[in-house]
Amino acid sequence: MNRRLLLLVRYSLVLSIVPLMYSQTTVPRPIENATYDESVPPIPLVTGGISFTTSFESGTQDLHPVVSPIFLIPIGRRGLIESEFEMQTEAIHDSSGFGPLHLDKSLEYAQFDYFASKYLTIVAGRFPTPFGFYKERLDARWIRNLPDPPLIFPFSDTSNNGGMLRGAIPLKGGFQLGYSTYFSAMSNNEVAGSDRQAGFRSSVFVPKTRLEVGFSFNRKLGDEHFNSFGSDLAWNLTRIPLDVRSEALFSHTLGNGYWVEGAWRLARYSLPKFLRNSQPVVRGEQYFTPSETSAIDVGLPGVNTSRVSAGWNYYLTNSLRAQFSYGRQFAQDDNHNTWTVGLNYRFIM
Amino acid sequence: MKTSLVLALLSMFALGSASLLSGDTTSRQKPSPPDGELLYKTHCTRCHSTPPSLSDRQTRVIVRHMRVRANLLSVDYQAVLAYLSQNVKTRD
């Protein structure tokens, strides 16, 4: 086996042993000193999102419906099966009419989570890649602040077929250390494909200031082996109602890039209802191609690209949101504007 | 190769220091009970808008889902669950 893979496996082992050591030093059972009535069992749920967006950009219009049901099945006191299936299509209309329609289906995740101890959750199956946080936390259409994901997102927009160890450990001063470490086998399945890869994300969260800083590492182990690094920051400011989020990607093989986004939570102010239900958003981002061209194509831009975007989300109800956005992209020979209007709905049954 | 080695060592060092710095004092002193409402406010709007009011049984599976997704500390998970269970009808 490749020596670097061995290192990652060793790293994963260390990660799993540390939490297990912790669990041995504390009172063993019940695992969690529950202060809620445990006789009420959790029930299986179907939840998810439905979204419809339409974008206008230099002579073309694009209609983009997405349906993504999620199934949550609790297993005993320590287990959970969670699965999301996503279906989407893109109808592109230009001067010659509508292009052909193709229904894209993908199994985003189908994982079994087992709470092995206070500090360790074991995950097996298919799960989203914990590289940076966009894929795990912001990708759902009803969560994204802007309809288009960041330019560097295609790198982490993958799911893994394999295993993951994750959890959080309390540190002194109220800080929390979060970790997720994973490996994935290669699969060419059309709906549930994955790369052979391994990696981790670790982060420190400061609850008082609601600030989280993370670091990610990924090693692709397919035909070409290479490393990529990521850093991320999420800060939900408490003094002013502003959410600041940012991610950066550093990869010798795939290029470098970053995005920074700010979103205002006006709901906190005593403003007219229209403004309280609104969320203005701005994002700036850049991507730089690698100095040596690579045969690997993960969907990142082919040339150096910058983009600025601004958007306005309006919460019609707690689960239904209207989205408006404008983005201007600057790239070699391709400067263009994109206007997007959309509706996102989150359901829980 | 070197980079991976340095990274692996760094991570082990980070975890090692984490275990030394650990704020978990269950085996040494009695911790003050966690404030479920504060923890709910700290965590549950970090990634998305305010969650809707749900039944107690729905809340239990969703908070379990969020425990994995958000790498919630086990104590925070329990405190949020207790808070939401007690405030099922009044919250929002």
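The values are calculated or read from the model by the stated rules, or taken from the named source; none is laboratory data. As the structure is a computational prediction, the values presented were derived from the model and not from experiment. Using ideal geometry, Cβ is built from the backbone for each residue, glycine included, and neighbour counts are taken over all protein chains shown. What goes into the accessible areas is simple: the full protein's heavy atoms, side chains included, and nothing from ligands, DNA or RNA. Shrake-Rupley method; radii C 1.70, N 1.55, O 1.52, S 1.80 Å.
For this structure, a couple of remarks:
- Hits in the stretch A:188-218 (condition: more than 11 Å from chain B (Cβ to nearest Cβ) and either part of a loop (DSSP other than H, G, I, E, B) or open to solvent by 30 Å² or more (accessible area, probe 1.4 Å) (or both)): A:Asn188, A:Asn189, A:Glu190, A:Val191, A:Ala192, A:Gly193, A:Asp195, A:Arg196, A:Val213
- For A:Gly163, the test of being out of contact with any Ser or Thr (no Cβ under 8 Å at 6 or more places or on another chain), of a type outside the set (A, V, I, L, M, F, W, C), more than 10 Å from chain B (Cβ to nearest Cβ) and more than 30 Å from A:Ile50 (Cβ to Cβ) is passed.
- Some residue of the stretch B:60-73 being open to solvent by 40 Å² or more (accessible area, probe 1.4 Å) and touching a residue at least 40 places away in the same chain (Cβ under 8 Å): no
- Inside the stretch A:166-187, residues that are of a type in the set (S, T, N, Q), within 14 Å of chain B (Cβ to nearest Cβ) and in contact with a Lys or Arg (Cβ under 9 Å, 6 or more places away or on another chain) make up a count of 2.
- Scan of the stretch A:327-341 for residues that are in contact with a Ser or Thr (Cβ under 7 Å, 6 or more places away or on another chain) and open to solvent by 70 Å² or more (accessible area, probe 1.4 Å), ordered by number: A:Phe330, A:Trp339
- Residue match in the stretch A:70-79 (condition: open to solvent by 80 Å² or more (accessible area, probe 1.4 Å) and at pLDDT 95 or above): yes
- Residues in the stretch A:230-239 that are open to solvent by 50 Å² or more (accessible area, probe 1.4 Å), more than 12 Å from A:Gly262 (Cα to Cα) and not hydroxyl-bearing (Ser, Thr, Tyr): A:Arg239 only.
- There is at least one residue in the stretch B:82-92 that is modelled with pLDDT of 90 or more and more than 7 Å from chain A (Cβ to nearest Cβ).
- Contacts under 6 angstrom Cβ, first residue in the stretch A:113-127 being surrounded by 20 or more Cβ atoms within 10 Å (Cβ to Cβ), partner of a type in the set (Asp, Glu), 6 or more apart: A:Thr121/A:Asp113; A:Val123/A:Asp113
- Scanning the stretch A:300-334 for residues that are within 13 Å of chain B (Cβ to nearest Cβ) and in a loop (DSSP other than H, G, I, E, B) yields A:Leu316, A:Thr317, A:Asn318, A:Ser319.
- Selection from the stretch A:245-260 of residues that are open to solvent by 10 Å² or more (accessible area, probe 1.4 Å) and assigned to a strand (DSSP E or B): A:Arg245, A:Ser246, A:Glu247, A:Ala248, A:Phe250, A:Asn256, A:Tyr258, A:Val260
- Residue that is nearest to A:Leu254 (Cα to Cα), among those in the stretch A:126-158 that are part of a loop (DSSP other than H, G, I, E, B) and polar (S, T, N, Q): A:Thr158
- If you filter the stretch A:285-299 down to residues that are surrounded by 11 or more Cβ atoms within 10 Å (Cβ to Cβ), polar (S, T, N, Q) and not in a strand (DSSP E or B), you find that the one that is nearest to the chain's Cα centre (by Cα) is A:Thr289.
- Cβ separations smaller than 8 Å between residues 6+ apart or across chains give the following pairs from the stretch A:42-57 residues that are under 20 Å from A:Ser319 (Cβ atoms) to residues that are basic (Lys, Arg) and open to solvent by 70 Å² or more (accessible area, probe 1.4 Å): A:Ile43/B:Arg57.
- Verdict on A:Leu101 being of a type in the set (A, V, I, L, M), away from chain B (no Cβ under 11 Å) and part of a loop (DSSP other than H, G, I, E, B): yes
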